[in-house]
Amino acid sequence: MMIDLDAITRRFGATDILHGISLSVAKGGFTALLGPSGCGKSTLLRIIAGLDRPTSGTVRFAGRDVSAETPAARNVAMVFQAYALYPHLTVEQNIALPLAMRGMSRAERSLIGGLIPSARAKRSAQGQAVRRVAEMLEIGGLLGRKPSELSGGQKQRVALARALVRDPSVFLLDEPLSNLDAKLRVQMRAEIVALHRKTGGTFVHVTHDQTEAMGMADQVAVMLAGRIAQNGTPRDLYERPATRDVAAFVGTHPINLVPGTVFGLPGEVGLRPEHLTPGGGIAARLVHVEYQGAELLLDVVATGGTALRAVAPGGWEAPAPGSEITLGYAPANLHRFDTDGRRVAA
Amino acid sequence: MSARRDALTTLGLVGPATAAMVVLIFLPVAVVAVLSFSDYQFGARTLNWVGFDNYITLFTDPQARRAVTNTLIYAAVVIPGACILGLLAALGLHNLATRAPRLAAILRAAYFLPVAATLVAMAVAWQMLLHPNLGLVNQLLSMTGLPGQRWLSDRGLVLYTLAVIGIWQSLGYAMVLFLAGLAAIPQHLYDAAEVDGAGEGWDRFWTVTWPMLGPTTLFVLVIIATGAFRAFETVATLTKGGPAFASDVLVYAMYREGFVYFKAGYSAAITMVFFALTLTVTALKFRVLERRVHYR
């Protein structure tokens, strides 16, 4: 395991942000920390980075306890939501900074450093590394610019380049895509996954966007209120949500949750809209239809007054709102939760 | 219709301030500029045009040149002194504020006190502190075995004594501005620097703090510089430009020539030189440096 978190807690004043988080990330894995804002996922990432210290618990990198080490000593690379580029440095200098900080003495880095032969050799080696990573991210033409002259997407690429230019132990990404527009976000998602594949590094990606987490990561840890509610593959989260809250958080369309009494059961029963489709044994009245091209979102009220959402394939001819329709589902897609919200095995 | 109403509203909002500026600043400056080419004396019924004579006197007369060089020396001590010490105080207080917020608040008020206090009143306190025999400064020096100094009557020393008082007076202002500048530096830049290996001490300062303080530093420099060129109160209350014009500065000379000797024309010429100095500093700020410190 590349990263092992053991019973991490973090307290700010009287407020507990993290309640005993234990999590392992495999070497070369891509793990997403998924959760709503305020769930503690960014705090956890900062603790992994060494930018924040846990109140209790240990952080281990490849078996070594790094709890007391600085981010530089842990050799982490991080990409920030707000890019965090140095505004006074050019793109090239921004990307080269971590190399210069690690590889050069203070004299070599200084203004007169250019006079020292060893500094010149190191600078040219760094220049090559910078150009290589810049080509990889297609920002080779921007090296002479200042961050203020770049678009949001370009800044994000520079931030990625700065993280990739050295050989870090782990790559930490703190909501790197949330400041980009929707189209760019989808594009960068694929690029980050491709970079992960190319470098073979260990990635930890914090996001509140479940599509992002599901689409990019091989392991997703859903964090709710300072705890890991479920940790598993994207398929696990979707097909076997461990709690009703995870079921409610994961999935493009919010899951239908109805009281178990409808089925004569305690607790609650969940059924994803995409698993509730026209044709079957449930009679319902159509209230509203939202046409989305590939599919139609149906708001219906079932007999008994339960409001439900269903999904119909794009070709389905929707009757006028107010019409009675029938809906059906496969029993295997029902999720049962007990009164505490925990999953009950079918 | 509404365009005319908009125009009237605009005029109504901008008009009074503009009128006051024109009447109270631009017109007087123009009058002073005109007077500086005359030998006008306050109260006189006539005046003669003397061309550049006043300016020639100002740059050739040893006494006048003394005032100019003294002003430049004073500024050369006060500007870096107040800026560097103000920055150090701000850095210290900024770090202290997270550990001991109340102590930091008290110290901040203490540093700022000289800015808020009347310098004329404070000058009395300085006079007592610097008294050759009874002053606390010389007594402390003699306790440590060092010879006392005639701080305000030694020709070689008096200008620097005044400069130190000038630093003491403007340091708090620089500090408050730097504190605001420090508070505005986004935390994520410090985080990035820490990850990149520049998280400690000097590296952190050179990578993040100092570059991000650029606009603040420029503003502080301009404020402190114009303040230093305007030095007057301490000179007027403590030394009257003496001994033997050793602490004469531009604004005090302007006051003496104009309001003691009533040489309004000459005083006006000094004013114009002073005006040019301040204008240069301001123009430098807007034209040259502003673009560089904002990294555009």
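The values are calculated or read from the model by the stated rules, or taken from the named source; none is laboratory data. If you're wondering where the values come from, they're calculated on a predicted model, not measured in any experiment. Glycine also receives a Cβ, built like all others from the backbone with ideal geometry; neighbour counts cover every protein chain displayed.
Tabulated data for the structure shown
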{"quantity": "Selection status of B:LEU141, within 25 Å of the chain's Cα centre (by Cα) and either within 14 Å of chain A (Cβ to nearest Cβ) or surrounded by fewer than 22 Cβ atoms within 10 Å (Cβ to Cβ) (or both)", "calculated": "no"}
{"quantity": "When residues of the range B:121-136 are limited to those that are more than 16 Å from B:THR239 (Cβ to Cβ) and outside any loop (DSSP other than H, G, I, E, B), the one farthest from the chain's Cα centre (by Cα)", "calculated": "B:LEU136"}
{"quantity": "Residues being among the β-branched types (Val, Ile, Thr), more than 15 Å from A:PRO36 (Cβ to Cβ) and modelled with pLDDT of 90 or more - total across the range A:234-257", "calculated": "1"}
{"quantity": "Test: residue in the range A:58-74 that is part of a strand (DSSP E or B), buried (at least 20 other Cβ atoms within 10 Å of the Cβ) and within 10 Å of chain B (Cβ to nearest Cβ)", "calculated": "no"}
{"quantity": "Residue in the range A:209-224 that is more than 20 Å from A:VAL344 (Cα to Cα), among the charged types (D, E, K, R) and touching a Leu at 6+ places or on another chain (Cβ under 7 Å) present", "calculated": "yes"}
{"quantity": "Residue that is farthest from B:VAL260 (Cα to Cα) [pool: residues in the range B:30-54 that are aliphatic (A, V, I, L, M) and not in a loop (DSSP other than H, G, I, E, B)]", "calculated": "B:ALA30"}
{"quantity": "Restricting the range A:303-317 to residues that are touching a residue at least 24 places away in the same chain (Cβ under 8 Å) and in a strand (DSSP E or B), the residue that is farthest from A:GLY260 (Cα to Cα)", "calculated": "A:PRO313"}
{"quantity": "Hey, A:GLN187 part of a helix (DSSP H, G or I) and of a type outside the set (Phe, Trp, Tyr) or not", "calculated": "yes"}
{"quantity": "Matching helices (runs of 4 or more DSSP H) fully within the range B:157-219 where at least 2 residues are at pLDDT 90 or above and either over 30 Å from B:VAL235 (Cβ atoms) or of a type in the set (Val, Ile, Thr) (or both)", "calculated": "B:158-183, B:187-195"}
{"quantity": "Condition met for B:GLY166 (under 21 Å from B:LEU277 (Cβ atoms), surrounded by fewer than 23 Cβ atoms within 10 Å (Cβ to Cβ) and more than 14 Å from every other protein chain (Cβ to nearest Cβ))", "calculated": "no"}
{"quantity": "Subset tally (residues that are within 17 Å of B:GLN187 (Cβ to Cβ) and surrounded by 15 or more Cβ atoms within 10 Å (Cβ to Cβ)) for the range B:88-102", "calculated": "3"}
{"quantity": "Residue among B:ASP191, B:ASP154 that is out of contact with any strand residue (DSSP E or B) (no Cβ under 6 Å at 6 or more places or on another chain) and within 14 Å of chain A (Cβ to nearest Cβ)", "calculated": "B:ASP191"}
{"quantity": "Pairs where the first residue, in the range B:14-30, is of a type in the set (Val, Ile, Thr) and the second is surrounded by fewer than 11 Cβ atoms within 10 Å (Cβ to Cβ) and in a helix (DSSP H, G or I), C-beta under 8 Å, 6+ apart", "calculated": "none"}
{"quantity": "Residue match in the range A:171-186 (condition: in contact with a Lys or Arg (Cβ under 8 Å, 6 or more places away or on another chain), surrounded by 15 or more Cβ atoms within 10 Å (Cβ to Cβ) and within 18 Å of A:GLY28 (Cβ to Cβ))", "calculated": "no"}
{"quantity": "Check on A:ILE21, among the β-branched types (Val, Ile, Thr) and away from chain B (no Cβ under 14 Å)", "calculated": "yes"}
{"quantity": "Every residue from the range B:103-115 that is in contact (Cβ under 8 Å) with a residue 24 or more places away in the chain and either hydroxyl-bearing (Ser, Thr, Tyr) or exposed (fewer than 15 other Cβ atoms within 10 Å of the Cβ) (or both)", "calculated": "B:TYR111, B:LEU113"}
{"quantity": "Residue count for the range A:47-57, restricted to those that are closer than 25 Å to A:VAL246 by Cβ and either surrounded by fewer than 19 Cβ atoms within 10 Å (Cβ to Cβ) or modelled with pLDDT under 90 (or both)", "calculated": "1"}
{"quantity": "Any hit, the range B:217-224, residues being within 17 Å of the chain's Cα centre (by Cα) and within 14 Å of chain A (Cβ to nearest Cβ)", "calculated": "yes"}
{"quantity": "Selection count where residues are part of a loop (DSSP other than H, G, I, E, B), of a type outside the set (A, V, I, L, M) and under 19 Å from A:PRO273 (Cβ atoms), scope the range A:318-346", "calculated": "4"}
{"quantity": "Test: residue in the range A:33-41 that is of a type in the set (Lys, Arg) and surrounded by fewer than 19 Cβ atoms within 10 Å (Cβ to Cβ)", "calculated": "no"}
